[in-house]
Amino acid sequence: MSLVGEYDGNNIFAKILRGEMPCVKIFEDDNVLAFMDIFPQSQGHCLVIPKNTTARNLLEFPADRLGPYFAAAQKLAKAVVKALDCDGVIVTQFNGAPAGQTVYHLHVHIIPRYTNLPLQPHHGGKPADTTVLREQAARIAAAL
Ligand code: AMP
């Protein structure tokens, strides 16, 4: 069952954390890594993931680490709003496949919303242009 199970050390985010797979990084510290989502649901969609954990989802994450983790998510959301001048921002995460989860290393989505612009589907579309993602990441990083 996707909600309960063993952590797979070869999941894509674990590989990104180990430097085995590339990502378009926004920032990192001892606790988290923030990077651009390669299948963005809107311009500027990014992710923040905790380091040094085998939590597959929020339910498995130690409560005493939630503060620093969500502080980082808030910091990233503020920087996204400042950098991209969006009209709203979704901060969300999914637990288990029926809830929409596809990567089983805890992550929070930061998804900017722009008035009158529809969201792209979750898990849909084509990968974004890396040059565009790098430019967005640089703007977000500068607004941190
Ligand atoms: P979820 O469906 O909530 O598990 O979210 C996983 C997210 O990771 C999706 O929004 C994917 O577009 C995104 N994603 C998958 N692979 C990568 C990757 N290599 N780099 C950046 N984002 C990714």
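Scanning segment 39-57 for residues that are surrounded by fewer than 18 Cβ atoms within 10 Å (Cβ to Cβ) and under 13 Å from the mean Cα position of the chain (by Cα), we see that the one that is nearest to the ligand (Cβ to nearest atom) is 39. Within segment 90-104, residues that are closer than 11 Å to residue 58 by Cα and in contact (Cβ under 8 Å) with a residue 40 or more places away in the chain sit with their Cβ atoms under 7 Å from residues that are part of a helix (DSSP H, G or I) and of a type outside the set (Gly, Ala, Ser), at 6+ positions apart or across chains, in these pairs: 95/58; 95/59.
Of all the residues in segment 93-123, those that are of a type in the set (A, V, I, L, M, F, W, C) and open to solvent by 80 Å² or more (accessible area, probe 1.4 Å) number 1.
Picking from residues in segment 1-38 that are more than 10 Å from the ligand (Cβ to nearest atom) and touching a His at 6+ places or on another chain (Cβ under 9 Å), the one that is farthest from residue 127 (Cα to Cα) is 7.
Within segment 101-126, how many residues are at pLDDT below 95 and either on the phi > 0 side of the Ramachandran plot or under 11 Å from the mean Cα position of the chain (by Cα) (or both)? Going through segment 101-126 one residue at a time, the tally reaches 3. A Cβ distance below 6 Å, combined with a sequence gap of six or more or placement on separate chains, defines the contacts here; from segment 124-144, residues that are open to solvent by 60 Å² or more (accessible area, probe 1.4 Å) reach residues that are part of a helix (DSSP H, G or I) in the pairs 139/83; 144/79.
The values are calculated or read from the model by the stated rules, or taken from the named source; none is laboratory data. Not measured: the values here are computed from a predicted model. No Cβ is skipped: glycine too gets one built from the backbone with ideal geometry, and neighbour counts run over all protein chains shown. Areas reflect the complete protein model, heavy atoms only, side chains present, ligands, DNA and RNA absent. Shrake-Rupley method; radii C 1.70, N 1.55, O 1.52, S 1.80 Å.
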